[in-house]
Amino acid sequence: MDIEKREIYRSIAELAYVIAIADKGLSAEERFAFTKIAEEELDFESWAAQSRFELLDEVIQPSIEKAYKDALHDLKKHKDHFTPEMKETAIRVMHKVAKACSGFSPKEATIIDRFKKDLETL
């Protein structure tokens, strides 16, 4: 996998992390759900996303806003490699993580809507 794609997958993981912590913090159930979703959506390259998600959860623990801005910054940096298919995958992953545990909350919907608007500038 090339460096740009790996960085995009890490950013997708960061966005999924934002969704996962948006309501009540990150539960073990949400960690497991993300791993499964990453494997389904990102296939063999899911390791890059999974390692980023674990790092955020276990070491960095950024705020929602910080994690979101970091992900968007990296996506902008690699926008030439961020294909329409990858954009759809990012949105799908965010939706699946939102639905995986407590159901789709208004706060998660707001974050996903914000991301969709931000995609227009990429």
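What follows is calculated from the coordinates using simple rules that are stated; it is not laboratory data. Note that the structure is predicted; figures quoted are calculated from it, not measured. We place every Cβ from the backbone using ideal geometry, glycine too, and count neighbours over all the protein chains shown.
Below is a table of values for the structure above.
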{"item": "Pairs from 24/77; 66/87; 24/66; 24/79 whose Cα-Cα separation, in the structure shown, is over 26 Å", "result": "24/77; 24/79"}
{"item": "Total formal charge among the other residues, if their Cβ is under 15 angstrom from that of residue 103, Lys/Arg +1 and Asp/Glu -1", "result": "0"}
{"item": "Estimated [θ] at 222 nm from DSSP helical runs (n ≥ 4, -39500 (n - 2.57)) normalised by residues in the chain, nearest 500", "result": "-24000 deg cm²/dmol"}
{"item": "Selected from 70, 23, 43 as most flexible by GNM, with the chain as the system and alpha-carbon contacts under 10 Å", "result": "43"}
{"item": "Debye, to nearest 20: dipole size of the chain, +1 on Lys, Arg Cβ, -1 on Asp, Glu Cβ", "result": "380"}
{"item": "In order through the stretch 6-23: 3J(HN,Hα) via Karplus (6.51 cos²θ - 1.76 cosθ + 1.60), integer Hz, x for Gly, Pro", "result": "4, 5, 5, 5, 5, 5, 4, 5, 5, 5, 5, 4, 4, 5, 5, 8, 4, 8"}
